[in-house]
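> Following this message is one structure expressed as structure tokens.
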Amino acid sequence: QVQLVESGGGLVQAGGSLRLSCLASGGTFNWLSIAWFRQAPGKEREFVAAISRSSGGTYYGSSVEGRFFASRDSAKNTVSLQMNNLKPDDTALYYCAASNNIVRDGQAEYPYWGRGTQVTVSS
């Protein structure tokens, strides 16, 4: 059973940066596609970014492309999300999700989820 733990959330002013981390355990890390989703109060969960298990290719939601960057560190079983030029609209609970398949932005394709880390961006 894959377990995911997010960290790195916090309060930041608009224009600032944060780096989220997702630590994976209980599975073979290099076989996992890992994604980030976020959910703001009163809104549906939204795809943010994904990093493929095979090619290591990265994919981003349109609202974050060019500002957020995902990377993986196999030595630490960790996927990071570097978030730059943060905006108040980025305020949300950020979730890490994993799949043993090659997947991208479909929430239903990810069977493993962390509990989330809160990101709050003040204006």
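> Residue by residue through the range 66-91, note down the ones that are hydrophobic (A, V, I, L, M, F, W, C), over 16 Å from S17 (Cβ atoms) and open to solvent by less than 50 Å² (accessible area, probe 1.4 Å).
Residue satisfying the conditions is V79 alone.
> Which of the residues that make up the range 55-65 are β-branched (V, I, T) and open to solvent by 10 Å² or more (accessible area, probe 1.4 Å)?
T58
> Further question: Do the conditions hold for R115, that is, is it touching a residue at least 24 places away in the same chain (Cβ under 8 Å), within 17 Å of G57 (Cα to Cα) and basic (K, R)?
No.
> Report, ordered by the first and then the second residue, all pairs with beta carbons closer than 6 Å, sequence separation of six or more or different chains, a first member in the range 1-23 that is under 15 Å from L93 (Cβ atoms) and part of a loop (DSSP other than H, G, I, E, B), and a second member that is among the small types (G, A, S) and open to solvent by 30 Å² or more (accessible area, probe 1.4 Å).
From the range 1-23, the pairs are G8/S21.
> Related question: Exactly one condition in (1) in a loop (DSSP other than H, G, I, E, B); (2) surrounded by 18 or more Cβ atoms within 10 Å (Cβ to Cβ) is not met by R38; state its number.
Single failed check for R38: (1).
The values are calculated or read from the model by the stated rules, or taken from the named source; none is laboratory data. What you see is a predicted model; the values in this text were computed from it and never measured. Heads up, the Cβs are rebuilt from the backbone with ideal geometry, glycines too, and the neighbour counts pull from every protein chain shown. The area values use the complete protein model at the heavy-atom level, side chains included, leaving out ligands, DNA and RNA. Shrake-Rupley method; radii C 1.70, N 1.55, O 1.52, S 1.80 Å.
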